[in-house]
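The structure appears below as structure tokens.
Each value in this text was obtained by applying a stated rule to the coordinates, not by laboratory testing. This structure is a prediction, so every number in the text was calculated from the model and none was measured. When we count neighbours, we look across all protein chains shown, and the Cβ atoms used for this are built from the backbone with ideal geometry, even at glycine.
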Amino acid sequence: MSNSTETLRFRSTRPPVIDSAALNELLVISQSLFSDTEEATEQLSEVVSLIAWLDVDSEALIRKSARLLFERAEARGPQAVATQANQPFFRLLPIERFTLVAVTLLHWSYSQVLSVLEPTLKGEANLQELLWSTRLQLAYAPESQVFLKRKMPQGLIHPSGSSISGAHCPEYLALRPWPQRLIDRGYVGKEKAFLESHVLRCSTCSKAVERTRVLIYAVQSILDAAGLKSPEEVARKIESRVVRRIARAEISLIDRSGVAAVRTLGDALSIFIRRPIGQFFVFALSAWAVIWVVYLLG
Ligand SMILES: [Zn+2]
């Protein structure tokens, strides 16, 4: 046996029930990676029904499914977004769409995002820079500017630090400014407390935070308008499709590898009967029985 099959542990029982909140998060991610809703749903159900067979908890299931969705979108290239190529959001790279949606719409922490993208995206500094450039790129795309003009007539002021910063002002890096990290809830403990109290006292820094907030909310409204968050009923429909698919995958995995325990004859029969060939067999058997009874009575 090779190493990879030894490190991947499979379940010997039924896959876990995936909670709908997790599935909805994955759906948003899938829709940000594949512009066609049908394809996004299909990719999601395939990926989840594969990962559900690994012996992992629900948090790892989200992480691994998200990673696999991302890899599939990368492999598909521009084809994955061909139906919406005119939308500025879908002109972003898969990694840009993923990080933006995870942080902005799903409120993932930076470390959650990195736990999915770490092999591709190394370190939090790179993530902050990627988020910042993606937000600017999306907000300043011509189509976004038209959209934003209707929502905020005052327009965007390009966020920047000030050259006249006080002795206690945190260092403002143009490629990954601290206000972004503050608004994304990236600071904790003493650092967070220091920044929050400093912003209250320093007008330069409070302006920088305000401009960043306006930019981040503008980007959020562009994402909201992109319709990545499906209404409840659509999400539920998709959920039941994914669950059905997992049930199907369960059966085919049992067939191929014998991984799952078929404990009793009853189990084996019920699995057999759920397959098309099994259903045909049951139908043929009943038809034969009916003919036999008719023949006996006649
Ligand atoms: Zn300051």
> So, counting K/R as plus one and D/E as minus one, what does the shell of residues with Cβ under 13 Å around LEU148 add up to?
Replying inline: +2
> Alpha carbon centre of the range 179-200 versus the range 39-90: separation in Å?
Replying inline: 33 Å
> What does the charge add up to near PRO159, with Lys and Arg as +1, Asp and Glu as -1, over the other residues with Cβ less than 11 Å from its Cβ?
Replying inline: +3
> What net charge do the residues around ILE238 carry, taking every other residue with its C-beta under 15 Å from that of ILE238, with Lys and Arg at +1 and Asp and Glu at -1?
Replying inline: -4
> Taking LYS237 as the anchor, which lysines have their alpha carbon closer than 19 Å to its alpha carbon, excluding any fewer than eight residues away along the same chain?
Replying inline: LYS229
> Dipole size in debye (nearest 20) for the range 122-225 around its Cα centre, Lys and Arg Cβ +1, Asp and Glu Cβ -1?
Replying inline: 180 debye
>> Run the count for the range 122-225, please: Lys pairs, Cα-Cα under 27 angstrom, 8 or more apart or on different chains.
In response: 6
>> Spelling out what I want: for every residue of the range 68-83, take phi, set θ = phi - 60°, compute 6.51 cos²θ - 1.76 cosθ + 1.60 (Karplus), and round to whole Hz; glycine and proline get x.
In response: 5, 4, 4, 5, 5, 5, 4, 5, 6, x, x, 4, 5, 10, 4, 6
>> Once R0 is set to 25 Å, what does the formula 1/(1 + (r/R0)^6) return for the Cβ-Cβ distance between ASP36 and SER109, expressed as a FRET efficiency to the nearest 0.05?
In response: 0.25
>> Give me, ordered by chain and number, the residues 5 or more places off TYR187 or on other chains with an amide H under 5 Å from its own placed amide H.
In response: none
> Hey, if you drop one equal point scatterer on each alpha-carbon of the range 122-225 and run the Debye formula without solvent, what base-10 log of I(q)/I(0) do you get at q = 0.11, 0.14 Å⁻¹?
Replying inline: -0.35, -0.57
